[in-house]
Amino acid sequence: SSTDYAEKFEKLDRFLVHGTYETHVQLYKIFMERRETNRAISALRTLADWMQRQRGEVPPEIEILCLLGAMNAYKMDANSSAADACRREAENISIACKKSPKSSAQIAFIGQIAEEYGLPNLARLCFYSVLIAKDTPLELASKTAAHCVAHYSSLSLKECLKTTYFNHAGNAEIRFCQ
């Protein structure tokens, strides 16, 4: 339990390929399938540890990934209080990011993670935030709008799409989503 997996990965992999998101998510899924929840949580935590070493900080979206991964692992272990604590903390970080995002892509990524881990309300909050942000690139706004129409259709979405339409000078793709 005291093994520092980030350090072990660095010794094994001189090019630090182990720090990729995809690698750790795949490891997490493998351990979850085997019902090795502690190792599943460690797989995601190792990614955060590696980022801390390489960048000096853990991006909030990776913190959220770790928390939601732990939430699912705790659910599998029938530890509902720990799962709820992880979910609440992930929601708090998401809301803080939404208030002062580094980029709308960051919020969209958090929305995707929330969606993957079964938190549609949090995902919708993030996606709607992406839609109404003035600095969201058109490509991301169009992709997010289409996704929301397919999965989160509501009156609130209609209002968000109006804002998006005006923010992007009457873009035809956004209009189509409306």
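The values are calculated or read from the model by the stated rules, or taken from the named source; none is laboratory data. For clarity, every value in this text was computed on a predicted model and none was experimentally measured. Because the Cβ atoms are built from the backbone with ideal geometry, glycine has one as well, and the counts that use them run over all protein chains shown. With ligands, DNA and RNA removed, areas are computed over all heavy atoms of the protein, side chains included. Shrake-Rupley method; radii C 1.70, N 1.55, O 1.52, S 1.80 Å.
When only Cα pairs under 8 Å and 6 or more residues apart are kept, what is the percent relative contact order across segment 126-178?
On the way: 43 pairs, mean separation 22.3, N = 53.
Relative contact order for segment 126-178 comes out at 42 percent.
Per residue of segment 161-178, what does 6.51 cos²θ - 1.76 cosθ + 1.60 with θ = phi - 60° give for ³J(HN,Hα)? Whole Hz please, x for Gly and Pro, Karplus curve as stated.
Rounded to whole hertz, the list is 5, 4, 4, 4, 4, 6, 5, 10, 6, x, 4, 5, 5, 5, 4, 4, 5, 4.
Against the longest principal axis of the chain, how steep is helix 21-33, in degrees 0 to 90 to the nearest 10, with axes from Cα atoms?
For helix 21-33, the angle is close to 70 degrees.
Going by alpha carbons, how many degrees (0 to 90, nearest 10) lie between the helix axis of 138-151 and the longest principal axis of the chain?
That works out to roughly 90 degrees.
Kindly provide the helix-only [θ] at 222 nm of the chain, computed as the sum of -39,500 (n - 2.57) over DSSP H runs of four or more divided by all residues, to the nearest 500 deg cm²/dmol?
-24500 deg cm²/dmol
Residue-wise, which Karplus ³J(HN,Hα) couplings in Hz belong to segment 42-57, taking 6.51 cos²θ - 1.76 cosθ + 1.60, θ = phi - 60°, and x for glycine or proline?
With coefficients 6.51, -1.76 and 1.60, one gets 4, 4, 6, 4, 5, 4, 5, 4, 4, 5, 4, 5, 7, 10, x, 7 Hz.
Step through the residues of segment 121-136 one at a time and calculate ³J(HN,Hα) from phi using the Karplus curve (6.51 cos²θ - 1.76 cosθ + 1.60, θ = phi - 60°), rounding each to whole Hz and writing x for Gly and Pro.
Karplus values, whole Hz, x for Gly and Pro: 5, 5, 4, 4, 4, 5, 4, 5, 5, 4, 5, 8, 5, 5, 8, 5.
For the chain, what % of the accessible area comes from carbon and sulfur atoms, probe 1.4 Å?
The computed percentage sits at 52.
Between (i) 1.42; (ii) 0.96; (iii) 1.04, which matches Rg/Rh (Cα atoms, Kirkwood Rh) calculated for the structure shown?
(iii)
Hey, what's the Kirkwood Rh for segment 107-178 if you take every pair of different alpha carbons, in angstrom? Provide the component values of the computation, followed by the final result.
Working: mean 1/r = 0.0853 Å⁻¹.
About 11.7 Å, per the Kirkwood formula over Cα pairs.
With each label point set 7 Å from Cα along the Cα-Cβ vector, what nm distance links ALA150 and SER103?
2.3
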